[in-house]
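Take a look at the structure below.
Every number here is computed from the coordinates shown, using simple stated rules; none is lab data. Remember, predicted model here, so these are calculated numbers, not experimental data. Because the Cβ atoms are built from the backbone with ideal geometry, glycine has one as well, and the counts that use them run over all protein chains shown.
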Amino acid sequence: MRRCFVSCLLFLFPFCLGSAAHASPPPPVSVSLVKEDVWADRTVREESRGVEITLTFGDECVVIHEDSLSFPEGRLVARDVSPDQLYLVRDLRPMVRRKGYDSLYSHGGFQLAVVKDPAGLTRVKRVSLRPVTGSVVVLERSKVQRLEPNPKVERLLRMLDSAHYEQCLSALAEDQPTRYACSDGELDAKNKIKRLFLELGLETEVMAFKNVCGRTCQKVGGYNVIGIKRGSLRPNEYYLVGAHYDSTSGMPCRMAPGANDNASGTAGVMELARLFSRVETEASLIFVAFSGEEYNQLGSRKYVRRLLNSGLDEKLKAFVVLDMISYYKRNYGIIVEGSNGTTAQKAMVARLARLGRTYTDLAVETTYDYYGSDHEPFLDRGMAGALLIETDWDRYDYYHTRRDKMVYQDIPYAMEALKLAAALLAEGGIIFPADR
Ligand SMILES: [Zn+2]
């Protein structure tokens, strides 16, 4: 997959070189879409002088090239574009509110867009952008070797219960109209999760924090729900799975079912808690439902601060955050979004990709470019882990709207995504009772 990247480094970047020397604007460019395997073909590359930049998104390459060039096996996306207006945009606003740029291509939550007023867009909340200055692999399609599956892990994965998952999803997304962080619905969801953790025999704690309530809701506090299962052989080693249970929409106090975002991930944490409470584990497992994610990851930031203060971050072997895992449209896949900050973080992204290839049918894509969910505070502070998110999340029309309902969720797909998180926890160490 790095081939796109490497091949493009062979070309010069006249726009960049020329910009300092001349005041005149860079010549316009075209943008084409070429399949990665076609692009990797040597003859295509050799005919491609005049290509300035290639951006790789999974199995597709976006090629930015001279207007005069064309690719018979590619698809022209745009012509006559000013190269200094090209940006990679990540936008967490609902579809209808996505303004301030013209999107040319999108995949996995990344958009290649023409931005005419970058300074203005930078000031917009829930949007991140950076200029396209050179070739880069934005999302890498994992081609790691599928390993021989561990029978113990396979056996555990067969114990995942889709009926229980669906029941949890419904309890969160259908029993109350909203789980907005400042509403009574948040309290209701918090109580449900707490009740389950207690029933499962987990060491259960509700961690309260102050919410930032800008709306005219009930203005209740924020609550993370934490459940711990102690390991029997290595209790001081921890594996964590977390998801935010708060939701949002255009009218969040009254209606924000948040089935996909993020009852899907929270129900995942609840089902994993059920699953792992039934087996003995060598290492300790932490299950966390965060609130306040839609307020700049308020809950997870508080939680991470506590990990650091108690030194638990040093004992955390891996974490995984589930955020939006129950929808697919075009790509039956999952994105593992980690960090390139440390060797351990990089290794964890690779490990999750390998687990995905070994234990699931999902097309796994990885990225080191992380943004906008509860994985941020963990990765910022050097812990190893990743966000798991459906590849097509930005094709989901009801994202952050009051129509993000249960009916649009795909339970079998979600169970496949859950297998990946379960495999990571299971690799951390499980012991099966002899006859269970
Ligand atoms: Zn979310």
Quickly work out the L233-to-D188 label distance, labels modelled 7 Å from Cα along the C-beta direction, and quote it in nm with one decimal. 4.4
Taking GluC sites (Glu not before Pro) as exposed when DSSP calls them loop (any state but H, G, I, E, B) and at most 16 other Cβ atoms lie within 10 Å, what is the longest stretch of the chain free of them, the sites themselves excluded? 283-436
For the chain, take N as its residue count and report Rg(C-alpha) divided by 2.2 N^0.38 Å. 1.01
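Above 27 Å lies some portion of the pair distances; for region 280-436, what is it as a whole percent of all C-alpha pairs? Don't skip to the answer; put the middle values down first.
On the way: 2958 of 12246 pairs.
Above the 27 Å cut-off, region 280-436 has 24 percent of its Cα pairs.
In terms of the Cα gyration tensor, with a ≥ b ≥ c the square roots of its eigenvalues, is region 34-159 rounded because a/c is under 1.5, prolate because a/b exceeds b/c, or oblate?
Working: a/c = 2.93, a/b = 1.27, b/c = 2.31.
It comes out oblate by the Cα gyration axes.
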Quick one: go through region 60-94 and flag any residue whose amide nitrogen is under 18 Å from the point 7 Å out along the Cα-to-Cβ line of D41. 60-63, 70-76
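Once you sort the root eigenvalues of the Cα gyration tensor of region 85-191 as a ≥ b ≥ c, which label holds: rounded (a/c under 1.5), prolate (a/b larger than b/c) or oblate (the other case)?
Values: a/c = 3.68, a/b = 1.31, b/c = 2.80.
Since a/c reaches 1.5 but b/c is at least a/b, the shape of region 85-191 is classed as oblate.
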So how long is each side of region 352-406 along the principal axes, counting just the alpha-carbon atoms, biggest first, in Å? 35, 30, 18
Gyration tensor on Cα atoms of region 77-124, a ≥ b ≥ c root eigenvalues, a/c under 1.5 rounded, else prolate if a/b beats b/c, else oblate, says oblate
Say we join alpha carbon atoms closer than 10 Å with springs in a Gaussian network model of the chain; which of R402, R90, R234 then has the biggest fluctuation? R234
In debye, nearest 20, what is the charge dipole magnitude of the chain about its Cα centre with +1 on Lys and Arg Cβ and -1 on Asp and Glu Cβ, if you could check? 880
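Hey, what number do you get for the chain at 222 nm if only DSSP H runs of n ≥ 4 count, each worth -39500 (n - 2.57), divided across all residues, to the nearest 500? Don't skip to the answer; put the middle values down first.
Numbers: 13 runs with 133 residues, N = 436.
Roughly -9000 deg cm²/dmol at 222 nm, from the helical runs in the chain.
Rounded to the nearest 0.05, what FRET efficiency is calculated for R158 and D84 with R0 set to 35 Å and r the Cβ-Cβ distance? The partial results should precede the final answer.
Details: r = 54 Å, r/R0 = 1.53.
After rounding, the FRET efficiency stands at 0.05.
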